[in-house]
Amino acid sequence: MPTLLAIESSCDETAASVCRDGVILSNIITSQLEHEKYGGVIPELASRLHQQQIVRVVEAALAKANVSKKDLDAIAFTQGPGLLGALLVGVSFAKGYAMGLNIPLITVDHMQAHILANFLSATPPAFPFLCLTVSGGHTQLVLVKNYTEMEIMGQTRDDAAGEAFDKAAKIMGLPYPGGPLIDKYAKEGNPLFHRFPSSDIEGFDFSFSGIKTSLLYYLQKETQADAEFLTKHLADVCASYQQQIVKTLLDKMKSAAIATSVKHLAIAGGVSANSELRRRFSEMCAKYKWQAHIPDFQYCTDNAGMIAIAGYHKFLQGEFADFYVTPFPKGEK
Ligand code: KG4
Ligand code: ZN
């Protein structure tokens with residue numbers, strides 16, 4: 001019955017979780033709202049805020065789980081990808097804590113952890129399965145063979161899906177992060193109001209920089225004709241933009257699922273919280289008789305529960321790190 005403490009500090013969420021035997025006992029997340037006024041994450045500010053918050057967040061995770069630090073068997077932490085300074089806070093904290101308690105360290109890949117968040121639901125996927133991982137920094141189609149062996153079949157060549165949402169929100173004057181707001185406004189809008197272009201990339205790769213630019217030009221043109229255009233049609237523009245991103249993601253995923261003959265499909269990462277993506281993904285899976293897996297909302301955006309479950313499976317395999325371990329900002333192994 002191993003008990004693990006997990007730490008996530010790759011971007012602008014300081015998070016800690018305690019899990020026992022693969023069951024999450026606590027999942028504490030502090031989001032750094034201070035970045036909002038800059039319209040994006042400021043790396044140096046992020047690391048300073050992690051430093052201020054990490055002790056409190058870890059203590060809250062232990063208290064919520066009703067676990068004493070003496071009961072811990074290992075500490076798992078995000079090694080990358082992420083912001084170097086932000087990762088360093090988690091890595092250094094984990095090293096110090098593990099050294100003080102004389103327990104092992106476990107490194108976790110943030111992208112693999114997003115995928116493994118699907119194992120925190122009541123009906124986890126069966127291997128091999130295909131996962132569409134969509135976050136603020138990544139867009140990947142991954143063939144998941146087991147808890148640690150994963151093959152990236154395709155990924156974005158430029159902007160990530162989350163970035164396409166966030167940059168569009170910025171163009172429309174909405175605060176960061178824009179994804180959840182576009183999702184919210186889109187609910188009241190007409191997805192057929194405007195047809196945004198789809199990117200035509202061969203194979204399983206994606207491209208999202210074109211759609212963001214086309215939004216910019218479209219709004220420039222329309223507001224020249226009517227200065228109130230966006231105020232009148234914000235919901236319609238959000239719905240049309242969102243539906244094109246979701247369609248692009250799911251069209252590629254469908255081709256990859258057919259090519260690999262998998263029976264289980266999953267989504268993961270911050271953008272998997274998007275209501276239209278969740279709805280259309282479920283519809284697609286029902287149509288093709290694929291088993292659909294969607295993480296609970298609390299495990300979609302950055303959290304430490306996903307680091308805990310990924311760390312737990314490395315613990316079972318005896319995969320520990322030494323105390324010289326360093327962050328991998330780009331996620332390279
Ligand atoms: O996985 P995540 O929390 O952090 C990274 O690892 O990047 O993903 C954050 C991204 C942001 O781009 C945010 O706008 C997007 O996820 N996001 C959403 C929604 N909730 C979060 N995008 C669209 N709809 C949402 N409901
Ligand atoms: Zn993430």
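The values are calculated or read from the model by the stated rules, or taken from the named source; none is laboratory data. Computed from a predicted structure; not experimentally measured. Here the Cβ is made from the backbone with ideal geometry for all residues, glycine too, and neighbour counts use every protein chain on show. Only protein heavy atoms, including side chains, enter the accessible area calculation; ligands, DNA and RNA are left aside. Shrake-Rupley method; radii C 1.70, N 1.55, O 1.52, S 1.80 Å.
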Looking at the structure I just gave you, is residue 134 in contact with a Gly (Cβ under 6 Å, 6 or more places away or on another chain), within 12 Å of ligand 1 (Cβ to nearest atom) and open to solvent by less than 10 Å² (accessible area, probe 1.4 Å)?
yes
Out of (1) within 13 Å of the chain's Cα centre (by Cα); (2) closer than 17 Å to residue 35 by Cβ, the odd one out for residue 134 is which?
(2)
How about region 80-109: which of its residues are within 16 Å of ligand 2 (Cβ to nearest atom), under 14 Å from residue 314 (Cβ atoms) and either in contact with a Pro (Cβ under 6 Å, 6 or more places away or on another chain) or open to solvent by less than 10 Å² (accessible area, probe 1.4 Å) (or both)?
108
Enumeration of residues in region 206-235 that are free of Cβ contacts under 8 Å to residues at least 60 places away in the same chain, of a type outside the set (A, V, I, L, M) and in contact with a Leu (Cβ under 9 Å, 6 or more places away or on another chain):
222, 223, 229
Please go through region 279-303 and pick out each residue that is surrounded by 19 or more Cβ atoms within 10 Å (Cβ to Cβ) and either more than 20 Å from residue 260 (Cβ to Cβ) or within 16 Å of ligand 1 (Cβ to nearest atom) (or both).
281, 294, 295, 299, 300, 301, 302, 303
Restricting to region 196-214, count the residues that are outside any loop (DSSP other than H, G, I, E, B) and under 20 Å from residue 135 (Cα atoms).
6
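Based on this model, can you work out whether residue 191 counts as open to solvent by 50 Å² or more (accessible area, probe 1.4 Å), under 21 Å from residue 137 (Cβ atoms) and in contact (Cβ under 8 Å) with a residue 40 or more places away in the chain?
no
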Does residue 114 satisfy the condition of being over 26 Å from residue 223 (Cβ atoms), open to solvent by less than 30 Å² (accessible area, probe 1.4 Å) and near ligand 1 (Cβ under 10 Å from one of its atoms)?
yes
Of 271, 262, which residue is more than 15 Å from ligand 1 (Cβ to nearest atom) and either at positive phi or open to solvent by less than 30 Å² (accessible area, probe 1.4 Å) (or both)?
262
Any residue in region 248-266 that is basic (Lys, Arg) sitting within a Cβ distance under 8 Å of a residue that is in a helix (DSSP H, G or I)? List the pairs, counting only those 6 or more apart or interchain.
254/284; 254/288
I'd like to know if region 313-320 contains one or more residues that are in a loop (DSSP other than H, G, I, E, B) and hydrophobic (A, V, I, L, M, F, W, C).
yes
Does any residue of region 233-244 turn out to be surrounded by 13 or more Cβ atoms within 10 Å (Cβ to Cβ) and β-branched (Val, Ile, Thr)?
yes
Residues located in region 24-35, provided they are open to solvent by 10 Å² or more (accessible area, probe 1.4 Å), more than 16 Å from ligand 2 (Cβ to nearest atom) and either at pLDDT 95 or above or part of a strand (DSSP E or B) (or both)
24, 25, 28
Across region 267-280, what is the number of residues that are farther than 19 Å from residue 199 by Cβ, in contact (Cβ under 8 Å) with a residue 24 or more places away in the chain and part of a helix (DSSP H, G or I)?
4
Give 198, 207, 214 a once-over and let me know the one that is surrounded by 14 or more Cβ atoms within 10 Å (Cβ to Cβ) and either within 12 Å of ligand 1 (Cβ to nearest atom) or at pLDDT below 95 (or both).
198
Of all residues in region 254-281 being within 16 Å of ligand 2 (Cβ to nearest atom) and of a type outside the set (Val, Ile, Thr), which is nearest to residue 126 (Cα to Cα)?
266
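Restricting the search to region 4-23, which residues are surrounded by fewer than 24 Cβ atoms within 10 Å (Cβ to Cβ), in a strand (DSSP E or B) and in contact (Cβ under 8 Å) with a residue 40 or more places away in the chain?
Within region 4-23, 13, 20 qualify.
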